[in-house]
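Visitor: Have a look at the structure that comes next, please.
The values are calculated or read from the model by the stated rules, or taken from the named source; none is laboratory data. Remember, predicted model here, so these are calculated numbers, not experimental data. Methodologically, a virtual Cβ is constructed for each residue, glycine included, from the backbone with ideal geometry; neighbour enumeration extends over all protein chains shown.
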Amino acid sequence: MHIIEQITSKGLPLRGNDIDTDRIIPARFLKSVTFDGLGEHAFEDDIEGVSKQGGTHPFRDSKYKGAGILVSNRNFGCGSSREHAPQALMRFGIKAIIAESYSEIFFGNCVSIGIPCFVASHETAEEILAHIEKNPDAEFSVSVKELNAKFGEKSYELKLADGPRGQFLDGSWHARSVLLLNKEKIEALANSL
């Protein structure tokens, strides 16, 4: 069982509301049989649009290289229910997300691959985003157990529903490992049928 209690990493600020799954991973990258390689195409169209305007998208900005905690605003992961979006983020290196709210299906798809999606108030999200932008090399921690984000001595309250939180803390988010732990019971039941 893979228990997830805390994640420590640099942050990646992605400001904006209603960032949908089509933006996270454009549809033209959904033709593969596996999820391999999706991470390198995360936010591909956004990246092209920002660079045409002379800027650098956070997902390609070298100062955020290696960041594992994505921070955004309201209704993150809305749009189509494709599981490719959380897979692309995970394969990019994202291990946890903090946002003001999420699409329910996106949230569930993240839980099933071990990415905690913490909820923060608008004020807290804005403070964390500003902190990351001012301190791009600073690592901070998010705790499933304590429901907070910590930057040194500064702590921010986060929320995570009890069900998913319990799954991360006992390892049951990983369905295959739960099945393997109960292999003998499953075989016994199968043999009795």
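Visitor: Collect the residues in the stretch 117-139 that are over 20 Å from ARG23 (Cα atoms) and either surrounded by 21 or more Cβ atoms within 10 Å (Cβ to Cβ) or β-branched (Val, Ile, Thr) (or both), keeping them in residue-number order.
Guide: Scanning the stretch 117-139 gives PHE118, VAL119, ALA120, THR124, ALA125, ILE128, ILE132.
Visitor: Those residues that are at pLDDT below 85 and of a type in the set (Val, Ile, Thr), I need them from the stretch 15-43; list them, please.
Guide: Hits for the stretch 15-43 are VAL33, THR34.
Visitor: Helices (runs of 4 or more DSSP H) wholly in the stretch 126-193 with at least 1 residues that are among the aromatic types (Phe, Trp, Tyr) and in contact (Cβ under 8 Å) with a residue 12 or more places away in the chain - which ones?
Guide: Because the criterion is at least 1 residues that are among the aromatic types (Phe, Trp, Tyr) and in contact (Cβ under 8 Å) with a residue 12 or more places away in the chain, the helices (runs of 4 or more DSSP H) in the stretch 126-193 that meet it are 162-170.
Visitor: Any chance the stretch 82-95 includes a residue that's surrounded by fewer than 16 Cβ atoms within 10 Å (Cβ to Cβ) and among the charged types (D, E, K, R)?
Guide: no
Visitor: Please work out which residue is surrounded by the most Cβ atoms within 10 Å (Cβ to Cβ), limiting yourself to the stretch 7-51 and to residues that are touching a Cys at 6+ places or on another chain (Cβ under 9 Å) and of a type in the set (Asp, Glu).
Guide: ASP20
Visitor: If you don't mind, there's one more thing I want to ask. Just give me the residues in the stretch 57-73 being touching a helix residue (DSSP H, G or I) at 6+ places or on another chain (Cβ under 7 Å) and more than 24 Å from LEU30 (Cα to Cα), in sequence order.
Guide: Answer for the stretch 57-73, where residues must be touching a helix residue (DSSP H, G or I) at 6+ places or on another chain (Cβ under 7 Å) and more than 24 Å from LEU30 (Cα to Cα): VAL71, ASN73.
Visitor: For the stretch 52-66, enumerate the residues that are surrounded by fewer than 18 Cβ atoms within 10 Å (Cβ to Cβ) and assigned to a helix (DSSP H, G or I).
Guide: Across the stretch 52-66, the qualifying residues are LYS52, SER62, LYS63.
Visitor: Does the stretch 99-114 hold any residues that are touching a helix residue (DSSP H, G or I) at 6+ places or on another chain (Cβ under 6 Å) and among the hydrophobic types (A, V, I, L, M, F, W, C), and which are they?
Guide: Those that are touching a helix residue (DSSP H, G or I) at 6+ places or on another chain (Cβ under 6 Å) and among the hydrophobic types (A, V, I, L, M, F, W, C): CYS110, VAL111, ILE113.
Visitor: Report, by residue number, each residue of the stretch 74-85 that is in contact with a helix residue (DSSP H, G or I) (Cβ under 6 Å, 6 or more places away or on another chain) and either assigned to a loop (DSSP other than H, G, I, E, B) or on the phi > 0 side of the Ramachandran plot (or both).
Guide: GLY77, GLY79, SER80, SER81, ARG82, GLU83 - these are the residues of the stretch 74-85 that are in contact with a helix residue (DSSP H, G or I) (Cβ under 6 Å, 6 or more places away or on another chain) and either assigned to a loop (DSSP other than H, G, I, E, B) or on the phi > 0 side of the Ramachandran plot (or both).
Visitor: Of the residues ILE97, ILE105, ILE115, which is within 23 Å of PHE35 (Cβ to Cβ), without any contact (Cβ under 8 Å) to a residue 40 or more places away in the chain and in a loop (DSSP other than H, G, I, E, B)?
Guide: Selected residue: ILE115, the only one of ILE97, ILE105, ILE115 that is within 23 Å of PHE35 (Cβ to Cβ), without any contact (Cβ under 8 Å) to a residue 40 or more places away in the chain and in a loop (DSSP other than H, G, I, E, B).
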